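What follows draws every value from the coordinates through simple rules; no lab data is involved. Since this is a predicted model, take the numbers as computed values, not measurements. Neighbour counts are summed over all protein chains in view; Cβ atoms, including those assigned to glycine, are modelled from backbone coordinates with ideal geometry.
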Amino acid sequence: MSFQRLKLLALAALCAAGSAAQGVASGAGAGLSVFPDSMLRLREVVVTARTSRAVIPVQQLEGQALERLNALSVADALRYFAGVQLKDYGGVGGIKTVNIRSMGTNHVGVFYDGIQLSNAQNGQVDLGMFSLDNMQAISLFNGQKSQIFQAAKDFSSAGSIYMWTRTPEFDGPTQYHLRARFKSGSFDLVNPSALLELRLSPRVSVSVNGEWLSSSGKYEFRYKRRSADSGVLMYDTTATRRNGDIRATRLEAALFGRLDGGKWMLKAYNYTSERGVPGAIVNNVWRRGERLGDNNSFVQGSWQQDVTSRYHAQLLGKYAFYRTHYENNDTSVMQVDNTYRQQEFYLSTAHLYNLTDAWDVSAAYDVQWNRMEADLVGFARPLRWHHYLSVATAYNAGGLKMQGSLVMNVVDDRTRRSDAADSRTAFTPAFFVGWNPLPRVPLTLRAFAKRSFRMPTFNDLYYTEVGNALLRPERTTQFDVGLAYKSPQRDGLLRQWEVQVDGYRNFVSDKIVAYPKGAQFRWTMLNLGRVHITGVDASAGLELQPMRGLSIGARVQYTYQHAIDVTSPADSYYRDQIPYIPWNSGSANLQLAWRDWNLNYSFIYTGKRYNQQENIRYNRAQPWYTNDVSLQRAFRYQGYQLRAMFEVNNLLSQDYDVILNYPMPKRNYRFTLTLDI
């Protein structure tokens, strides 16, 4: 409902009350009191606007709910979302990537303060690099974000993760806010951080955030393997994970400004790390010689303005430089020492026009330039121009909401060799609808259909003796039908409850896979894969208040996925479940708050799955679950706030692998102390 409509409604209510007053005798009118000075007191008129409900399925963690989770990084927090599969290679410094609804990591768009993070080399973003210390909210969208005033890239991914860092907010005369935090615990973890927010003027503020992370990465695990043929136990021992150490620094600085009818933001980010790559535990080998160094920096900015009451404009820009150094000093294999460098320029302009109070249209154009260099002999040094052009419309009237979009992608690669991929042009449409059939009941029915594609990465196309410049883009088609109900908030024992259920069917074609070809040990990338995915995501939550001062929050998520390979009937794994996708998975979270105390319990479950393409007994990966508990206490002294939190992760000390031969930590502990000034 627009602000103009709210004003008209309020005026109509007041006029109606005034008209009623004219026919009232001696104060007999309902809601009116007549005073000796002939003034009338009108009963308070409350105007309530119905809040906008998302057309597109969304899951979100924010504020205190995010802070109370047993999570060190963004990747840890995403485990509590339905439909998400996290690849975790173990330990504090282990690489962590995410997959939504089994479509593949490269089909997930990851956005940091509204601008997408990208990696032209392999298309994957390591979410373990992003801390929760400065995080305000994390949202996950299937399809795309539920608005049309956004960059063209935002329409392009099959699923999206949005990370929003803190925006400074000051009460009254407050001019600054300081937060200091210290974490320590198992694996020799030392993790201090600091956040400083300053009000430079009534309209401009600045935020500076820094963090240092150090860990030996050493933890005990159980190694147990049986013979593939006889099932005889070959190994069953306890060992210590080695070469998992990490030293990392994260620095961020941001300027925030408010304009008349607009806002702007400028941010600089740097992440530097030096860490070991523990490697897989294979053939009873416990130690690896691989090391990885990262130096990732970017500067990005945004500007948004209401040019008129109906026309709105947005401008985004970014420059990024990524340096990766990989070396392998293991004498049992060929020693490697290589450095990779990536550069990126990105510019986006978006425009929204309100045709009527119920109908909006938008258009956006993005251009992105990527270049990669490496000290490999004969490296292709690829350069890519990617153009995005989107048009979208949204209609919202009564209980009906509809959104539609169309994106044109134009991709042009160049290399210093003669094997550059052909230019590609692709059109990807999407349509979303939401319907509230009962105006007084907060129930929403929704559905969407969307096509998207992902361009092959530089590694897919040009990696030495592996890449294939003839690769076609991977394409996905998504269908979703669901419902959502969220009760109004009320007093009493049951303050609020909500439920969401979505059924979906996804199709992935031209999937890029590594395939042996030619001489032994020679591999190449080919478009061989086709995957059909059928699934259900369900979540429910409630908030209880049994007595004054005590509140209880509970949330559960469940996912069922049947994701099968339908590439060729001749394959031995035809119609088998694809690797690492469980049929059943879920999580539960329980939070109790009593005055200054907070108790949090989390449970995560991953069911039966397979670690190879063939669904045979030898490739079966065992189900796993973890129980995590944390206790937090807040203290206040002379305007300062101090919080202490103690966490126990993997409470039952279960032995499990998320990825085969990459054992995860057993029971471990973490202590956090936070000071707010």
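For the reader, a short list of remarks on this structure follows.
- Sorted ascending by nearby beta carbons within 10 Å, beginning with the fewest, 294, 245 become 294, 245.
- Backbone phi angles across the stretch 163-169, fed through the Karplus curve with coefficients 6.51, -1.76 and 1.60 (θ = phi - 60°), yield HN-Hα couplings of 10, 10, 7, 5, 9, x, 9 Hz in residue order; Gly and Pro are listed as x.
- Count Lys and Arg as plus one, Asp and Glu as minus one, and take only other residues whose Cβ is under 11 Å from that of residue 106; the net charge is then 0.
- With 32 Å as the limit on Cα-Cα distance, the pairs of 263/511; 87/145; 153/511 that go past it are 263/511.
- Helical runs assigned H by DSSP (4 residues or longer) give the chain a calculated mean residue ellipticity at 222 nm of -1500 deg cm²/dmol, each run adding -39500 (n - 2.57) before division by the residue total.
- Ranked packing of 156-167, 639-650, most packed first, by mean Cβ within 10 Å: 156-167, 639-650
- This ranking places 486, 153 by how few other beta-carbon atoms lie within 10 Å of each, fewest first, which gives 486, 153.
- Residue-wise HN-Hα coupling along the stretch 68-82, computed from phi with Karplus coefficients 6.51, -1.76, 1.60 (Hz; x: Gly, Pro): 7, 5, 7, 9, 9, 10, 4, 4, 4, 5, 5, 4, 8, 9, 6
- Computed on the Cα atoms alone, the convex hull of the chain gives a volume of 187 cubic angstrom per residue.
- Straight-line cross-link reach from residue 267 at under 18 Å between alpha-carbon atoms covers these lysines, not counting any fewer than eight positions away in the same chain: 318.
- Arranged from fewest to most other beta-carbon atoms within 10 Å of their beta carbon, 560, 462 become 560, 462.
- Nearest-20 debye value, the chain charge dipole, Cβ charges on Lys, Arg, Asp, Glu: 680
- Reach of residue 486 by Cα under 14 Å, taken over aspartates and glutamates that are not fewer than 8 positions away in the same chain: 498, 543
- Compared with the dominant principal axis of the Cα atoms in the chain, helix 3-22 is inclined by about 20°.
- Residues within the reach of a label modelled at residue 203 (point 7 angstrom out along Cα to beta-carbon, backbone nitrogen below 18 Å), restricted to the stretch 294-336, are 302-309, 313-315.
- Neighbourhood charge, 9 Å Cβ-Cβ cut-off, centred on residue 535 and excluding it, Lys, Arg +1 and Asp, Glu -1: 0
- Cβ-defined net charge surrounding residue 371, 14 Å radius [Lys, Arg +1; Asp, Glu -1]: +2
- Evaluating 6.51 cos²θ - 1.76 cosθ + 1.60 at θ = phi - 60° for every residue in the stretch 309-324, the Karplus couplings come out as 5, 10, 10, 10, 10, 9, 9, 10, x, 7, 10, 10, 9, 10, 10, 10 Hz, glycine and proline recorded as x.
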